[in-house]
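Here's the structure we're looking at; comments come further down.
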Amino acid sequence: MTFVEKVCVLGAGSTKYGKLADSIADITTQASVSAIESAGISPKDIKASYISNVFGVADKQVHIGPVLMSRLGIPDKPSLTIESACGSGSVSFREAYANVAAGFYDCLLVTGVEKVTHTGTEWTTTYFAYCSDFFYEAQAGASFPGLFASMARAYMTEFNTTEEDFARVAVKNHDNGVLNPKAHMQKKITVDDVLNSAVVASPLKLFDCCPFSDGASSVILCSEKFAKEHGGDYVEVIGSGRGGSSAALQGRDHMTTIPSTKLAAADAYKMAGITAKDVDFAEVHDCFTIAEVVDTEDLGFFEKGQGVQAVREGRTALNSDISINPSGGLKSKGHPIGATGVGQVVEVYDQLTGNAGERTVKDAKIGLTHNFGATGASCAVHVFQSV
Amino acid sequence: MSIEEQVIENAKNGKLLTHKCTGCGFLHLSTAYFCRKCGSKGFEDVLLEGVGEVATYTIITVPPAGFEKYTPYAFVVLKLNNSDLRISGFMGGITTPADLPVGTPAKITGFDERGIVIEKQ
């Protein structure tokens, strides 16, 4: 592949994640304005927008792109709304990346948003289940906690691990999330808190699960030439990869690995000219504690089956061997599903431009984002480098 | 009948309809329209007994809409005997992991508002 342009993230911003009162249109605009101001550009510099959102219908607003562009004073600029379940944000980012790399646009707005908490636990559970392979999974009563719980039980059976092992992931991510003022769950927890929390889908308990969150995140993606002309801090996107997996868990060769992660990571590492060992920190898709364990193996940070041992030894904690989810991850920062993949890029931008405050990963040069939809049926991995 | 309707009718009889690739012999669930191994579109229908063992499962206590009256219940991934194929389904009457060790023999027994229904053998 030949790319015309190097691609950079020039600005980034998020709303707080949590239960938000403002409408989906409001929070989409708030995050976008903060990214525009962070980049130090005018909305009129933006050539188009990529909006990731899954359940706009739940807040009575689909086709949100033109609403956002109208509010930004650029109703004449095109927008595109992208849905890939919980991976929508990174997939949208990837499409924007490709358009800048190819030279079609020099400056794009990439915004992700979700507003669902007002629908309540039962309906959020139900809507999310529609992201599975309905005929085989949701139709038979599978929820998303249930699908990842099935993965967790397969992992426990194959690698002789315990529920306590998964609980440690939650504790670690909450330790990081306490340091993130935008996090949904800014609260320290213990292993016992996780083990004693209500069972959602055995063996996963409430504190093994990310919360349902509202929120929006936004970044400005541009060519290196544009970034240099407009000044301000920017980071370079040095790798971008995509992958897919069988939509239903039953169709995977192994139920304890996510093929799309391995494919996307291989692509992204190759493009970046690095290996997993070169990554200083990673924002990975920890929708459930089991997912983070599987992710860190599939991304090549640890051997298959060794992910829990790494957590036991504290090797994934902030400023350890490799800082995994310094933001708190989906588990503590929250998971507004259309926003999550973009929010990970916001964290990487803040880390690599020295704006991550108390949760700063020291001397970090290379950050990675990993975000997938459903049980990993679609995935995107991106690698970023400070300049 | 659509492919999904054919799966449903066979599940009601405890069977699983599958597609065997006429090009390379790879066996798929019947919702496959092209072979994932060789890309061929030619399939022959193969009707399997819906019998196997539990590969993994969960017991759901926070259900999606429509499943409240069945809660708690298990969502099960069944590995079919004499095949690499797996099929998912609903299993009632499961309240603790002690009720369903991984490897428990089980079979498809029907299809209704709970999707494909699987029961312990």
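The values are calculated or read from the model by the stated rules, or taken from the named source; none is laboratory data. The model shown is predicted, which means the values in this text are computed figures rather than measured ones. Positions of Cβ are generated from backbone atoms using ideal geometry, with glycine treated the same way; all protein chains shown enter the neighbour counts.
Summary of computed values
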| read-out | value |
| --- | --- |
| In region A:286-322, the residues that are buried (at least 24 other Cβ atoms within 10 Å of the Cβ) and farther than 24 Å from A:Ala149 by Cβ | none |
| Pairs with Cβ under 8 Å, 6+ apart, first in region A:342-355 and over 15 Å from A:Leu179 (Cβ atoms), second of a type in the set (Lys, Arg) and part of a helix (DSSP H, G or I) | A:Gly343/A:Lys333 |
| Test result for A:Cys222, buried (at least 21 other Cβ atoms within 10 Å of the Cβ), within 14 Å of chain B (Cβ to nearest Cβ) and either free of Cβ contacts under 8 Å to residues at least 40 places away in the same chain or not small (Gly, Ala, Ser) (or both) | no |
| Within region B:1-61, strands (runs of 3 or more DSSP E) holding 1 or more residues that are more than 14 Å from every other protein chain (Cβ to nearest Cβ) | B:15-21, B:43-49, B:51-60 |
| Residues satisfying the stated conditions in region B:90-121, i.e. in contact with a Phe, Trp or Tyr (Cβ under 8 Å, 6 or more places away or on another chain) and part of a strand (DSSP E or B) | B:Phe90, B:Met91, B:Gly115, B:Ile116, B:Val117, B:Ile118 |
| Residue within region A:41-56 that is within 17 Å of A:Val346 (Cα to Cα), at pLDDT 95 or above and among the small types (Gly, Ala, Ser) present | yes |
| Where B:Lys69 falls short, out of the listed (1) in a helix (DSSP H, G or I); (2) away from chain A (no Cβ under 13 Å); (3) of a type in the set (Lys, Arg) | (2) |
| Subset of region A:123-173 that is of a type in the set (Gly, Ala, Ser) and closer than 21 Å to A:Phe302 by Cα - its residue that is farthest from the chain's Cα centre (by Cα) | A:Ala154 |
| Qualifying residues in region A:188-204 (those that are out of contact with any Asp or Glu (no Cβ under 8 Å at 6 or more places or on another chain) and surrounded by 18 or more Cβ atoms within 10 Å (Cβ to Cβ)) - the one nearest to A:Ser42 (Cα to Cα) | A:Ile189 |
| Meets criteria (hydroxyl-bearing (Ser, Thr, Tyr), within 14 Å of chain B (Cβ to nearest Cβ) and either at negative phi or in contact (Cβ under 8 Å) with a residue 24 or more places away in the chain (or both)) for A:Ser245 | yes |
| Counted residues, region A:49-76 - those being aliphatic (A, V, I, L, M) and over 22 Å from the mean Cα position of the chain (by Cα) | 4 |
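Quick grid of which residues meet (1) touching a Phe, Trp or Tyr at 6+ places or on another chain (Cβ under 7 Å); (2) among the acidic types (Asp, Glu); (3) crowded, with 19+ Cβ neighbours inside 10 Å:
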site	(1), (2), (3)
B:Ile3	no, no, no
B:Asn13	no, no, no
B:His19	yes, no, yes
B:Phe43	no, no, yes
B:Gly52	no, no, yes
B:Thr56	no, no, yes
